[in-house]
Amino acid sequence: MKPTKIKIADIYVPAALRVPVDAAKVEELALDIADKGLLVPILVRPDKERYVLVAGLHRMEACKALGEATIMAELVQARKH
């Protein structure tokens, strides 16, 4: 798995992962990411013209909160939800 720079707008969040986002957790992660960088990669799988989120919803939301338009994500092979 190689880290790849991906536009956040190109990442689709499947229904199975659409859980209510904990705002306090997102804020805490955003502060940590701003201080130390993204230590645990966001996992996505390629799907035609977009990417599908496999893991890392709160981390992705924290990156959005920091104003990031792109993230470094790991491309993985994962089954469809």
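What share of the DSSP beta bridges in the stretch 13-81 is antiparallel, in percent to the nearest 5?
Numbers: 5 of 8 bridges.
Percent antiparallel among DSSP bridges in the stretch 13-81 is about 60.
Can you send over the carbon and sulfur percentage of the accessible area for the chain, probe radius 1.4 Å, protein chains only?
On the way: 2930 of 5460 Å².
That fraction is 54 percent.
Angle check, please: helix 23-36 long axis (alpha carbons) against the longest principal axis of the chain (alpha carbons), in degrees 0 to 90, nearest 10.
80
Under 5 Å between amide H atoms, partner at least 5 residues away or on a different chain: which partners does R50 have, H built in plane at 1.01 Å?
Residues meeting the amide H criterion: none.
Compute, for the chain, the length of the dipole vector about the Cα centre, with Cβ point charges of +1 (Lys, Arg) and -1 (Asp, Glu) only. Units Debye, rounded to 20.
Numbers: 13 positive and 11 negative charges, 95 e Å.
Around 460 debye, computed over the chain.
Heads up, I need the accessible area for K64: 1.4 angstrom probe, whole protein in place, Å², nearest 10.
90
How many Lys pairs in the chain lie less than 26 angstrom apart by Cα atoms, where the lysines are 8 or more positions apart or on different chains?
20
Report the relative contact order of the chain, percent, no decimals, based on alpha-carbon pairs under 8 angstrom and at least 6 residues apart. Write out the running numbers ahead of the final one.
On the way: 117 pairs, mean separation 38.1, N = 81.
Computed over the chain, the figure is 47 percent.
The values are calculated or read from the model by the stated rules, or taken from the named source; none is laboratory data. As the structure is a prediction and not an experimental result, all values here were calculated from the model. Cβ: placed from backbone, ideal geometry, glycine included. Neighbour counts: every protein chain shown. Heavy atoms of the whole protein, side chains included, go into the accessibility calculation; ligands, DNA and RNA do not. Shrake-Rupley method; radii C 1.70, N 1.55, O 1.52, S 1.80 Å.
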